[in-house]
1. Inside the range 8-24, can you point out the residues that are over 20 Å from His169 (Cα atoms) and either of a type outside the set (Ser, Thr, Tyr) or not assigned by TED's automatic domain parsing to the domain that holds Tyr206 (or both)?
2. From the list Ser612, Ser677, Ser690, exactly one residue is touching an Asp or Glu at 6+ places or on another chain (Cβ under 9 Å), among the hydroxyl-bearing types (Ser, Thr, Tyr) and within 30 Å of Ile562 (Cα to Cα). Which is it?
3. Can we say Leu545 is out of contact with any His (no Cβ under 8 Å at 6 or more places or on another chain), modelled with pLDDT under 90 and among the aliphatic types (A, V, I, L, M)?
4. Do we have Ala639 as under 16 Å from Ala580 (Cα atoms), touching an Asp or Glu at 6+ places or on another chain (Cβ under 9 Å), of a type in the set (Gly, Ala, Ser) and in a helix (DSSP H, G or I) here?
5. Any chance the range 61-72 includes a residue that's without any contact (Cβ under 8 Å) to a residue 60 or more places away in the chain, more than 22 Å from Ser42 (Cα to Cα) and surrounded by fewer than 16 Cβ atoms within 10 Å (Cβ to Cβ)?
6. Could you grab the pairs with beta carbons closer than 9 Å, sequence gap of 6+ or different chains, first residue in the range 574-586 and among the charged types (D, E, K, R), second one assigned to a loop (DSSP other than H, G, I, E, B)?
7. Determine whether the range 623-635 contains at least one residue that is in contact (Cβ under 8 Å) with a residue 60 or more places away in the chain and at negative phi.
8. With Asn201, Asn185 as the choices, which residue is surrounded by fewer than 14 Cβ atoms within 10 Å (Cβ to Cβ), at pLDDT 95 or above and of a type outside the set (A, V, I, L, M, F, W, C)?
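The values are calculated or read from the model by the stated rules, or taken from the named source; none is laboratory data. Everything numeric in this text was worked out from a predicted model, so none of it was measured. Please note: Cβ atoms are built from the backbone with ideal geometry, for glycine as well, and neighbour counts cover all protein chains shown.
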Amino acid sequence: MSKTANFLVEIGTEELPPKALRSLMEAFGKNLADGIDTALLSHGEIKTFASPRRLTVFIADLAEKQNDQKSEQKGPPISIAFDKAGKPTAAATAFAKKCGTTLDALGRNKTNKGEWLTSESLIKGKKLIDLLPSLIEKSLSALPIPRRMRWGASEVEFVRPLHWIVMLHGNQTIETSIMGIETGNQTWGHRFHSSGPITINSSDTYLDTLEHDGYVIADFDRRLKIIRDGVNKAATVAGGVVISDDALYDEVAALVEWPVPIIGSFDKAFLELPREAIISTLTAHQRYFPIEDQTGNLLANFITIANLASKNPEQVRDGNERVIRPRLSDATFFWTNDKQSTLSSREAGLHKIVYQQGLGSLFDKSQRVAVIAKSLAKTLKHDNTNVSRAALLAKCDLLTGMVGEFPTLQGIMGYYYAIVDGETEGVATAIREHYLPRFAGDNLPETIDGQLLAIADKLDTLAGIFSTNKKPSGNRDPFGLRRAALGVVRLLIEGGIDIDLKELIQVAVNVQPEGQLNNEKLTKELYVFITDRLRRYFLDRDTSLTSETFEAVIAQQPTSLIDFDRRLVAVQTFARLEQAESLASANKRIANILRKADFPEGLVINKKLLSSDVELALFNFLENAQNKIAPMLAVKNYAEVLNELADLRDPIDQFFNEVMVMDEDQAVRNNRLALLSDLRALFLHVADISRLSLG
């Protein structure tokens with residue numbers, strides 16, 4: 001075994017994009033780990049670090065070289081390598097020459113299939129220093145960087161210009177060249193608290209040296225915790241609690257190297273603005289943390305994270321307060337100015353905004369969404385007054401100054417303007433909720449009108465984009481259609497909306513502009529696309545769910561997702577029964593028999609042709625089960641249905657043990673096939689349990 005030591009590589013750059021820093025850090029670590037494993041270099045734990053100007057990977061106990069590997073080459077068979085007199089042939093001589101050895105040094109390998117000449121050699125393992133440049137360059141090249149840049153006269157491309165690279169194996173500096181940069185043991189610290197290069201004497205002292213000599217906390221997660229703790233403590237001092245936002249914490253941690261929390265304030269008059277407008281102003285523009293009191297009311301305070309320990313923190317505070325004041329003033333202007341026009345008066349302006357090529361304007365989309373929402377409400381016997389009105393106004397806030405400045409407030413500002421206009425609370429709330437859920441794990445609308453409008457809006461988007469043949473391909477999904485489909489799934493299932501999905505899709509497809517794809521084909525494509533999201537949804541929801549269970553249910557294509565959920569739960573319960581394995585196997589056998597027999601549809605069981613006691617017993621069980629499960633199916637009590645059908649195990653097993661289905665007499669054969677067909681149909685009322693693998 002080769003010697004090992006802790007390895008460290010630090011890539012020093014210009015400031016990296018803050019929203020991408022964590023993903024770049026994690027990807028660098030994974031890519032390098034994969035490369036190290038592929039190179040067969042032994043190692044221990046791998047850690048990643050990052051700050052605004054560096055990406056670092058630490059690998060514990062990394063071997064200084066690859067282990068030597070024995071290699072065996074297979075030569076010609078002995079019968080060909082030697083003639084009858086035992087003298088080597090040209091084949092043997094050529095093999096020895098190819099292997100760079102002599103005939104006497106060749107070995108033999110005898111197996112059941114014969115005997116061959118062999119040549120063993122020892123492949124010397126490469127040194128770590130010789131492998132690293134290629135491994136690290138490949139790791140950096142594979143980082144998830146949408147746009148790369150070049151700088152100076154260099155042909156090297158990276159997310160930001162490279163300035164230095166530290167590479168250490170234990171306390172040994174590895175000197176080489178990576179992406180045109182000479183490696184060494186010197187890094188750079190904080191832009192203001194530190195000056196000149198900082199020498200890292202050992203990979204083990206990297207974090208401590210950077211922190212004490214360079215005022216850089218390079219451990220991303222530790223820096224994040226310091227920020228969280230500091231923000232929470234400062235919020236308490238200000239008399240409130242911070243409004244948490246994990247994404248904001250991550251972004252701030254990616255912007256600073258030496259975090260220091262500072263409490264700032266703004267004029268209380270700005271609290272007259274809608275809450276979300278203030279929060280967006282503080283967070284989106286300035287990365288400040290808003291504060292609220294214990295009752296949820298915003299305070300006229302914020303917390304900012306300075307990237308230095310200033311000798312004059314009051315000056316830093318004043319600077320941040322001066323910056324936020326005009327921002328809030330702009331928001332006040334937009335709020336005041338927008339209220340001069342009603343949402344309904346902006347409706348005509350939607351004609352001028354193209355929604356998508358081939359799908360008309362935003363006005364056209366609003367009209368389509370209203371039709372879909374009305375149809376939904378009618379099916380559910382829900383008053384459509386609020387949802388119809390909200391559908392026509394939902395996109396109007398896109399024409400306001402506030403949403404133009406803060407796009408994330410679309411829908412939210414629509415709510416406030418609707419209230420100002422005197423619209424009902426139901427209409428205003430539906431407008432606010434119709435974009436929900438915006439992302440995985442986001443909240444769902446709390447009102448039925450909001451749910452219906454959200455479903456209608458997402459279905460129109462799906463049907464419209466699909467109709468123009470711009471559905472997602474591979475990893476590309478520029479219109480967020482997978483997210484929209486998952487949103488529909490969540491809205492229907494978690495909202496408890498029991499409705500025929502295919503009919504609903506058909507409504508959305510029918511209102512799209514003419515001249516697009518065939519409506520019937522489009523409806524089928526959309527149904528498959530939306531139900532494909534179900535697999536991930538249910539598997540994420542329940543880790544004990546198997547793919548086979550899901551396939552058993554989806555094979556029946558339930559039209560209602562609520563119904564789908566009920567069937568899935570029922571099949572999961574059934575799969576735990578003692579009889580489940582035997583019945584799943586029997587269903588699989590029945591399906592195969594019917595398929596191979598090319599069983600004609602429409603045949604009914606003739607009781608007079610049931611000659612044996614076993615098949616007559618199965619018929620009686622079948623008839624009794626049909627009567628028992630009919631009322632259960634009527635109320636969709638699928639768990640009880642499968643529980644009742646579990647009693648069929650013994651008569652089915654006895655039937656297959658004693659009865660020859662494919663009897664020579666065609667009438668008897670068809671009668672037995674009809675019996676099996678009816679038996680299988682009983683289970684198919686719930687799911688295709690032949691797809692279960694329970695053995």
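1. Across the range 8-24, the qualifying residues are Glu14, Glu15, Leu16, Pro17, Pro18, Lys19, Ala20, Leu21, Arg22, Leu24.
2. Just one listed residue meets the conditions, Ser677.
3. So Leu545 fits the description; yes.
4. On the way: under 16 Å from Ala580 (Cα atoms): yes; touching an Asp or Glu at 6+ places or on another chain (Cβ under 9 Å): no; of a type in the set (Gly, Ala, Ser): yes; in a helix (DSSP H, G or I): yes.
No; evaluated as a whole, the condition is false for this residue.
5. The answer is yes; a qualifying residue exists.
6. Pairs that qualify, where the first residue is among the charged types (D, E, K, R) and the partner is assigned to a loop (DSSP other than H, G, I, E, B), are Glu581/Leu692; Glu581/Leu694; Glu581/Gly695.
7. The answer is no; no qualifying residue exists.
8. Just one listed residue meets the conditions, Asn201.
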